[in-house]
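Colleague: Sharing a structure here in structure tokens format.
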């Protein structure tokens, strides 16, 4: 296996590493939350929408991305 020098490959590896860290702490936070299932689903969806909008904005033109 050869190492790739593509910056997108390095960024992808970094994003996967960060997601592993976030997912490893999910159990701790989930047990600490005293909320119903629908409330948890709502906040997860809201957070996912927010992170997606930030990602689209950082990538370039948000309106062109949303139209596409």
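The values are calculated or read from the model by the stated rules, or taken from the named source; none is laboratory data. Every value quoted in this text rests on a predicted model; they were computed, and no experiment measured them. For neighbour counting, all protein chains shown are included, and Cβ atoms are generated from backbone atoms with ideal geometry for every residue, glycine included.
Colleague: Determine if segment 4-26 includes at least one residue that is in a loop (DSSP other than H, G, I, E, B) and either on the phi > 0 side of the Ramachandran plot or touching a residue at least 24 places away in the same chain (Cβ under 8 Å) (or both).
Modeller: No, every residue in segment 4-26 fails to be in a loop (DSSP other than H, G, I, E, B) and either on the phi > 0 side of the Ramachandran plot or touching a residue at least 24 places away in the same chain (Cβ under 8 Å) (or both).
Colleague: For the structure I just gave you, tell me whether residue 36 is at pLDDT 85 or above and out of contact with any strand residue (DSSP E or B) (no Cβ under 9 Å at 6 or more places or on another chain).
Modeller: Against the criterion (at pLDDT 85 or above and out of contact with any strand residue (DSSP E or B) (no Cβ under 9 Å at 6 or more places or on another chain)), residue 36 qualifies.
Colleague: For segment 27-41, give me each residue that is assigned to a helix (DSSP H, G or I) and in contact with a helix residue (DSSP H, G or I) (Cβ under 8 Å, 6 or more places away or on another chain).
Modeller: If the condition is that a residue be assigned to a helix (DSSP H, G or I) and in contact with a helix residue (DSSP H, G or I) (Cβ under 8 Å, 6 or more places away or on another chain), then 30, 40 are the ones that fit.
Colleague: Would you be able to tell me the number of residues in segment 40-55 that are more than 12 Å from the chain's Cα centre (by Cα) and at pLDDT below 90?
Modeller: 3
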